[in-house]
Amino acid sequence: MSDIRAELRYATSHEWVRLEDDGTAYVGISDHAQDAMGDLVYVELPDVGQQLEVTDEAGVVESVKAASDIYAPVSGEIVAINEALEDTPELVNQDPYGDGWLFQIRLNDKSELEQLLSADDYRTQLDSED
Amino acid sequence: MGHRTPLYDQHVAAGARLVDFGGWDMPVHYGSLLDEHHAVRADAGMFDVSHMTVVDVTGVDARAYLRYLLANDVDRVPVGKALYAAMLNEEGGVIDDLIVYRRQDDYRLVVNCGTREKDLAWLAKQSEGFAVQVVERPELAIVAVQGPRARERLSALLGDSRAAAVSGLKVFAFAEDGDWLIARTGYTGEDGVEIILPGADATALWQQLVDAGVRPCGLGARDTLRLEAGMNLYGNDMDETVTPLQAGMGWTVAFSEDRDFIGRTALMAQQQAGHEQFVGLILEGKGVLRAHQKVISATGEGEITSGTFSPTLGLSIALARVPAGTEGKAEVEIRGKRLPVSIVRPPFVRHGKTVYQQ
C-alpha cells in the first residue's frame, strides 16, 4: 500500500505538489511512482528561472531499468531545484515527500491547484490502475 | 496469466515484483535491484531461470547435426564441458544464442525463452536427414547460484556427491548426479553454478538457499550483471539481422576447413568485406545510456544495443555497434543532447573488479 499524503495535491502523471505560504510550491513524485520505478540512479531537473506551462516536460527520473518524464503539474517559474539529487538520486526512493523533492516553482495561478487530484482522488486512480 | 515456473509461489511470498517476460511471470526484483546486484558481486545471489528452454539432442547423428546447426563446433569441448554457441540462418543472422552441454552419449541445449517456438521449429526443420531426436524437457527447472561465495554456500547444503561436484568443477565444466546437471557457468561475470534439475527439487533447493542467506535476485539484476560482464542479450545485442561478427561473438565462430555449418558462406563473405564492430561505452558525465540511442563518432554513426547504469562502477555503460575502426572518444545523443563517451573493450567488470580497457 503506497503512502499518499492528505495535505498534497497530485497530478495523474504521479507528481505531487505542496503549496507554501509564500506562493511557491514544492514538486516531487509520489511514493507509488518511486516504488514503481525502482532504484533511481539519475535525475534530470529543469533550470532555475525556467518558465513552465502545465504538462511541460520538467525533467526525467531514471532507474536502472527505465527513464520516466516528469511533467510540470502547475505553471510558473522554477525558483529552486533539489541539487542533492545530482549525487544522491536515491533520496527520491527513500523520502519521496521530503528530502526527495524535485523542484520548487512560483505559481502563476494558484487556482491551477484545483485542477489537480486530491489525495482521495489519487488513491482512486491508483486503485483503478491495479 | 503467464506461464509460471515451479518457484512462482516462492517469488510471490518473497515480495517479488513480477513482470511478463516472454510470456512468463518472472521476478524483476524483490525490493531493490541494486542490493541484489551488489549481493552477487560481493557474496552470493540466486536466479530462477526456469523459463529458459531445455532441449536434449540424442541419436547417432547428434554430433554431426550440431556441427552443421551451430557456428561453434561441439568438437571444441570434451565430454563434461559446456560450449557457448550461436545458431544462424543462411544469411548468418543469429536465430538464437545457446549453451550446449556435451554429455557422454548426447547433448543438452539451453536456449532462450523468447525464441522458444522459432528455435524448436528450426531445430526440427534442420534435423531432416539426420538420425536425431530433439526432445524438449519442460519438466526441468534451472537455478543459477552466482557470486564469489556461491559455490561454498551451495555445497554446504548438498549431500556429499553433489557437494563434491560443486566444489571440484572447473570453469565451464559440468557434472551430473542423478537427475541434476550442475554446471560451473553463469551470466554474471562472477564464479558460480547453474543447476538444471526437476521442478520439485528446485523448490526445495531454493528454500534451503534462502534459509542459508543466499539472496533471491530478479531479472533486473541479471541484466545489469551480464551487461557489466560484457555478455550479450539476445534480441538486444543481436538478432536475425545481425551476424555474430557484428555482435562481438567472432570468438564463438569456428571456421575450420572441414566443417560446413549454416551461415558459414555468409560469414566468410562478411569477414572478407569487413563489418561493423561491437564495443563498450562509458558515459563520461551523468545520465544513463539506453538501447537505440545514436552513437556519433569520426567514423560515422552507430547504435547502442544495451545500456544501463552500472551499479558496480557507479556510472553508465553500454554495448554498441559502431563502424569499423571507431576508437577513443565518441558522443551519444540522449534526449537531443550529445554527451561524450569513451569507447572501451568489454567486459567492464569481472569477479568484482573493474577490468575494462580504453
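The values are calculated or read from the model by the stated rules, or taken from the named source; none is laboratory data. All values derive from a computational prediction rather than experimental measurement. No Cβ is skipped: glycine too gets one built from the backbone with ideal geometry, and neighbour counts run over all protein chains shown. Calculation scope for accessible area: heavy atoms of the full protein, side chains included, ligands and nucleic acids excluded. Shrake-Rupley method; radii C 1.70, N 1.55, O 1.52, S 1.80 Å.
Summing Lys and Arg as +1 and Asp and Glu as -1 over all other residues whose Cβ lies under 14 Å from the Cβ of residue B:148 gives a net charge of +4. Principal axis extents of the Cα atoms in chain B, from largest to smallest and rounded to whole angstrom, are 58, 50, 40.
Over the Cα atoms of the stretch B:176-324, each weighted equally, I'd like the Debye log10 I(q)/I(0) at q = 0.10, 0.11, 0.16, 0.21 Å⁻¹, rounded to two decimals. Calculated log10 I(q)/I(0) at the listed q: -0.51, -0.60, -1.00, -1.26. Calculation over all alpha carbon pairs of the stretch B:60-107 in 10 angstrom steps from 0 returns a P(r) of 28, 56, 15, 1 percent. Distant-in-sequence amide contacts of residue B:300, defined by a placed amide H-H separation under 5 Å and a gap of 5 or more residues or a different chain, comprise nothing. Electrostatic bookkeeping for residue B:79 treats Lys and Arg as +1 and Asp and Glu as -1; over the other residues with beta carbon under 14 Å from its beta carbon, the sum is +3. Of the GluC sites (Glu not before Pro) found in the stretch B:189-268, those in coil by DSSP whose Cβ has at most 10 other Cβ atoms within 10 Å are B:257. Across the alpha-carbon atoms of the stretch A:9-108, the computed radius of gyration and Dmax are 12.1, 38 angstrom.
Report in % the part of the accessible area of the stretch B:70-158 that belongs to carbon and sulfur, leaving out ligands and nucleic acids; probe 1.4 Å. The C+S portion of the solvent-accessible surface of the stretch B:70-158 is 47 percent. For the stretch A:33-44, the Karplus equation 6.51 cos²θ - 1.76 cosθ + 1.60, evaluated at θ = phi - 60°, returns couplings of 5, 5, 5, 5, 6, x, 4, 7, 10, 7, 10, 10 Hz by residue, with Gly and Pro reported as x.
Counting Cβ atoms of other protein chains within 10 Å of each residue's Cβ and taking the mean over peptide A:76-86 gives 0. In terms of its C-alpha gyration tensor, the stretch B:147-216 comes out rounded, because the ratio a/c of the largest to the smallest axis stays below 1.5. Straight-line reach from residue B:125: which aspartates and glutamates have a Cα under 14 Å away, not including same-chain ones fewer than 8 places off? Result set, ordered by chain and number: B:90, B:117. Over all other residues within a Cβ to Cβ distance under 12 Å of residue B:267, the charged ones net out to -2, with Lys and Arg as +1 and Asp and Glu as -1.
Once backbone amide H atoms are built at 1.01 Å from N, residue A:80 has A:104 as its partners under 5 Å, excluding neighbours fewer than 5 places away on the same chain.
Ignoring lysines fewer than eight residues from residue B:81 along the same chain, the ones with Cα atoms less than 24 angstrom from its Cα are B:170.
Based only on Cα atoms, what Rg/Rh ratio does the stretch A:1-60 have, Rh being taken as Kirkwood's radius?
Numbers: Rg = 12.6 Å, Rh = 13.0 Å.
Over the Cα atoms of the stretch A:1-60, Rg/Rh equals 0.97.
Restricting the stretch B:164-255 to trypsin sites (Lys or Arg not before Pro) that sit in a DSSP loop and have at most 11 other Cβ atoms within 10 Å of their own Cβ leaves B:170. Taking the protein assembly as shown on its own, what percent of its Cα-Cα pair distances exceed 44 Å? More than 44 Å apart: 21 percent of the Cα pairs in the protein assembly as shown. Working note: Cα atoms of the stretch B:22-69, range along each principal axis, descending, whole Å: 48, 28, 15. Of the GluC sites (Glu not before Pro) found in the stretch B:43-130, those that fall in a DSSP loop while having at most 12 other beta-carbon atoms within 10 Å are B:90, B:128. Where only DSSP H runs of four or more residues are counted, chain B gives -6500 deg cm²/dmol as its mean residue ellipticity at 222 nm, each run worth -39500 (n - 2.57). Listed by chain and number, the lysines placed with their C-alpha closer than 27 angstrom to that of residue B:294 are A:65, B:286, B:329, B:337; residues fewer than eight positions away on the same chain are left out.
The phi-based Karplus calculation (6.51 cos²θ - 1.76 cosθ + 1.60; θ = phi - 60°) puts the 3J(HN,Hα) values of the stretch B:237-247 at 8, 7, 7, 6, 9, 10, 8, x, 5, 8, 10 Hz, whole numbers, x for Gly and Pro. Computed over all pairs of different Cα atoms, the Kirkwood value for the hydrodynamic radius of the stretch B:239-358 is 15.3 Å. Backbone geometry of the stretch A:101-118 corresponds, through the Karplus equation with coefficients 6.51, -1.76 and 1.60 at θ = phi - 60°, to 3J(HN,Hα) couplings of 4, 9, 8, 10, 10, 8, 5, 6, 8, 4, 5, 4, 4, 5, 6, 8, 7, 6 Hz, x marking Gly and Pro.
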